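Would you mind keeping the following structure in view while I ask a few things?
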Amino acid sequence: MSQVPSAKRRRLSPPEHGERTNGATQDHKETFMKHAAKWDLEQDYETRPRKLKKQKETKKLPVRTTEGWVAHPAAAEDVKSDESESFLGSGSEADEELNEEEQVEDQKPKIPARQQIFEAKEELARIASLVNEDPEEHIGALKTLAAIADSENITVKKLALATQVAIFKDLIPGYRIRPLSEEKMQEKISKEVKKLRMFEQKLVSSYEAYVKHLAKLAKSSGSDKEQIASLASVAVSCTCNLITAVPHFNFRGELLKILIGKLSTRRVDADFVRCREALESLFENDEDGNVSLEAVTMLTKMMKGRNYHFDESVLNTFLHLRLLSEFAHKASYNSVDKSEDQPLSGKKMKQKREFRTKRLRKELKEKKAIEKEFKEADAAVSHEERDRMQAETLKMVFVAYFRILKARSPKLMGAVLEGLARYAHLINQDFFGDILEALRDIITTAEVSAAAEAEEDSDAEDSDSDDEAPDRNLTRESLLCVITAFALLEGQDASKAASTLKLDLNFFITHLYRTLHPVSLNPDIELSSKSLHLPGPDAAQSHAETAKINVQTTIVLLIRSLSSVLLPATSIRAVPPLRVAAFTKQLITIALHLPEKSCTAMLGLLNRITKTHGKKVAPLWNTEERRGDGVFEALKPEIEGSNPFAGTVWEGEILRRHYCPTVREAVGGIEKNILEAIK
């Protein structure tokens with residue numbers, strides 16, 4: 001049976017564009033050409049975007065559905081994700097940001113802190129051993145050390161800083177490295193010299209970076225944050241080690257700036273004490289005087305810049321200068337006395353010229369040049385150069401002392417007067433008169449202030465006087481002025497002091513005589529300015545805040561003053577009998593009011609006075625051989641008007657029955673000296 005063909009189905013869907021009839025296609029072309037003349041192609045090109053977004057290529061084939069061929073769903077999702085990320089930027093930029101975040105997370109150390117410290121120790125030890133074995137070959141390892149010192153771990157930083165100090169102390173030569181000029185850089189040199197120069201230049205550059213790093217860290221000294229303060233303390237310690245170990249090397253001024261910057265603060269902590277001790281050690285070990293001159297100059301500028309508001313112990317560092325025992329000339333704040341034999345300028349006196357041939361002069365010139373090179377190589381210091389440096393240093397010290405003396409800084413007066421007494425043998429005549437004038441002004445101010453306080457009412461104006469009393473102890477200052485005045489006189493030449501100076505110190509002697517009774521009634525006479533004792537219930541501030549640099553007690557200052565007046569080292573015979581008798585009578589009277597130790601010390605002074613001036617004071621104990629008219633006036637402010645020979649030493653009978661056996665023995669020794677003087 002033959003197969004019958006199936007009936008052909010009729011198409012119901014509308015025809016496609018490409019299946020249009022020929023008539024419709026012809027109409028479409030005519031319409032297109034008609035409207036194309038009106039198009040503005042240039043404007044259309046101008047408005048197009050310059051860069052088209054890159055579409056991601058998909059390798060997946062389209063899927064056929066009931067609606068026709070459709071793109072793969074995964075490709076559509078990629079397009080949507082690109083559109084959703086468009087507000088953050090382009091897709092490539094977002095991917096780069098994600099990659100950078102992943103890299104930062106990967107760079108973060110995941111090693112524990114203890115493991116980091118252990119690895120840093122091993123690395124530092126390895127670098128230090130390499131540098132010590134061959135410094136010129138492994139000088140580049142200093143940059144590795146500097147990189148380790150920039151670690152975020154505080155302990156690793158401290159270890160790196162300490163390691164750098166040890167390495168630099170070993171590498172630094174015994175001379176100063178100067179920068180090379182352009183001419184020397186262009187010179188033809190051997191391979192060994194070139195290697196040495198490269199080593200020196202790298203050493204200097206690494207050392208400079210290290211010093212700058214120390215200066216940056218040391219600024220945080222005294223911070224409230226514990227880690228930052230501990231790191232700054234390590235930096236200060238490294239600076240002190242370097243300045244004491246290699247003061248001759250480069251960048252010494254930067255190291256001194258770190259020390260003096262810390263000393264300019266008024267907060268005394270461990271770093272402050274460490275810097276001060278390093279400066280004192282530097283002064284004591286300085287042989288040529290160059291380092292001391294630079295440090296004293298910077299200290300003087302700092303004092304003036306701070307308006308003399310700094311700790312008292314900084315000024316006391318001047319007492320550690322070697323010129324106190326080595327310098328042999330006298331000076332002031334603006335000049336230095338030159339001796340005839342050894343002029344400070346180094347110029348020699350003209351001698352008789354000898355005839356020398358041209359060849360001989362040339363040979364002598366070459367010998368001098370060779371000797372000069374040897375001196376520079378051996379770092380030999382000539383006496384003329386050292387004297388010149390010490391003279392300039394002494395002038396700067398006197399400038400600082402005299403400025404503070406004129407400024408009347410209350411917390412620095414003790415240190416200034418103590419320093420002037422120590423430098424008395426180096427003060428010339430011009431400066432001597434200026435200092436005595438300043439000391440008279442200080443004592444006059446003390447007397448006026450004491451008189452004003454005596455006239456004030458004890459209840460109404462106690463609050464006003466308490467604010468100024470702790471800041472300035474006028475009694476101690478006046479006693480120090482007396483001690484300084486007589487120390488200055490003893491430091492001068494005795495013959496010159498009698499003939500050329502023509503100075504009268506009766507002003508200081510009279511003031512000391514007036515202050516004997518008030519000082520003896522002071523309840524803190526056996527306490528120094530730094531003694532520890534509890535303040536009274538009505539005290540405005542603690543005693544520790546008013547401490548001065550002078551640690552001697554008031555009774556010690558009083559005995560030193562009396563010894564200078566009554567027992568001078570140069571001219572004991574010049575002390576008149578009236579002065580000795582007046583002071584002796586007053587001293588044995590105030591001994592009744594003094595505590596046990598002070599009374600023993602005062603009777604010891606009287607024992608020396610009676611042994612030296614026994615014949616002058618013997619009439620005070622022996623009334624039968626005495627000639628005196630009138631009445632003894634103990635409260636007379638003048639020595640001459642007190643009439644001491646009209647009185648009697650009756651206080652000895654009371655002191656002979658004192659409860660302390662040492663006091664009784666001292667009274668017996670005084671009477672024994674008087675009996676020997678009468679015989």
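For region 385-395, check the following and say yes or no: at least one residue is modelled with pLDDT under 75 and either surrounded by fewer than 10 Cβ atoms within 10 Å (Cβ to Cβ) or within 41 Å of the chain's Cα centre (by Cα) (or both).
Start the filter on region 385-395 by keeping residues that are modelled with pLDDT under 75, which leaves none.
Checked against the condition, which is being modelled with pLDDT under 75 and either surrounded by fewer than 10 Cβ atoms within 10 Å (Cβ to Cβ) or within 41 Å of the chain's Cα centre (by Cα) (or both), region 385-395 yields no hits at all.
Still on this structure: Take the conditions of a type outside the set (G, A, S) and outside the structural domain of V156 (by TED's automatic domain parsing) and apply them to V268. Does it pass?
no
A follow-up question, please. It is to be established whether one or more residues within region 607-626 are over 54 Å from the mean Cα position of the chain (by Cα), on the phi > 0 side of the Ramachandran plot and without any contact (Cβ under 8 Å) to a residue 40 or more places away in the chain.
no
Any residue in region 209-228 that's assigned by TED's automatic domain parsing to the domain that holds D269 and assigned to a helix (DSSP H, G or I): show its pairings with residues that are loosely packed, with under 12 Cβ neighbours inside 10 Å and not aromatic (F, W, Y) at Cβ separation under 9 Å, as long as the two are six or more apart or on different chains.
H213/D150
May I pose another question? With respect to A438, is the statement that it is aliphatic (A, V, I, L, M) and either modelled with pLDDT under 80 or outside any helix (DSSP H, G or I) (or both) true?
Taking the combined requirement at face value, the residue does not satisfy it.
Of the residues that make up region 136-149, is at least one of a type in the set (S, T, Y) and part of a loop (DSSP other than H, G, I, E, B)? Can you show your working first?
First pass over region 136-149, keeping only residues of a type in the set (S, T, Y): 144.
Restricting the remaining residues to those that are part of a loop (DSSP other than H, G, I, E, B) gives none.
No: region 136-149 contains no residue that is of a type in the set (S, T, Y) and part of a loop (DSSP other than H, G, I, E, B).
Which condition number in (1) assigned to a helix (DSSP H, G or I); (2) at pLDDT below 90 is the one that E633 fails?
That leaves (1) as the condition not met.
Checking the condition buried (at least 16 other Cβ atoms within 10 Å of the Cβ), assigned to a loop (DSSP other than H, G, I, E, B) and modelled with pLDDT of 80 or more, which residue from I555, I525, I559, I549 passes?
Checking each option against the conditions leaves just I525.
Considering only residues that are among the hydroxyl-bearing types (S, T, Y) and surrounded by 14 or more Cβ atoms within 10 Å (Cβ to Cβ), which ones fall in region 639-661? Give the steps one after another, and end with the answer.
Just the residues of region 639-661 that are among the hydroxyl-bearing types (S, T, Y), to begin with: 642, 648, 659.
Hits for region 639-661 are S642, T648.
What is the residue count in region 552-585 for residues that are in contact (Cβ under 8 Å) with a residue 60 or more places away in the chain and touching a Pro at 6+ places or on another chain (Cβ under 8 Å)?
5
For residues that are of a type outside the set (S, T, Y) and touching a residue at least 60 places away in the same chain (Cβ under 8 Å), scanning just region 174-190, find the one that is farthest from V291 (Cα to Cα).
I177
Checking V156 against (1) touching an Asp or Glu at 6+ places or on another chain (Cβ under 8 Å); (2) assigned to a helix (DSSP H, G or I), which test does it fail?
Of the numbered conditions (1) touching an Asp or Glu at 6+ places or on another chain (Cβ under 8 Å); (2) assigned to a helix (DSSP H, G or I), the odd one out for V156 is (1).
Look at K188 and say whether it is over 27 Å from E277 (Cβ atoms) and touching a helix residue (DSSP H, G or I) at 6+ places or on another chain (Cβ under 9 Å).
The answer is no for K188.
Evaluate the following for A494: is it modelled with pLDDT under 80, crowded, with 19+ Cβ neighbours inside 10 Å, more than 28 Å from the chain's Cα centre (by Cα) and hydrophobic (A, V, I, L, M, F, W, C)? Walk me through how you get there before you give the answer.
Working: modelled with pLDDT under 80: yes; crowded, with 19+ Cβ neighbours inside 10 Å: no; more than 28 Å from the chain's Cα centre (by Cα): yes; hydrophobic (A, V, I, L, M, F, W, C): yes.
For A494, the condition - modelled with pLDDT under 80, crowded, with 19+ Cβ neighbours inside 10 Å, more than 28 Å from the chain's Cα centre (by Cα) and hydrophobic (A, V, I, L, M, F, W, C) - is not met.
The values are calculated or read from the model by the stated rules, or taken from the named source; none is laboratory data. Computed from a predicted model, the values in this text were never measured in an experiment. With ideal geometry, Cβ positions are generated from the backbone for all residues, glycine too; neighbour counts draw on all protein chains shown.
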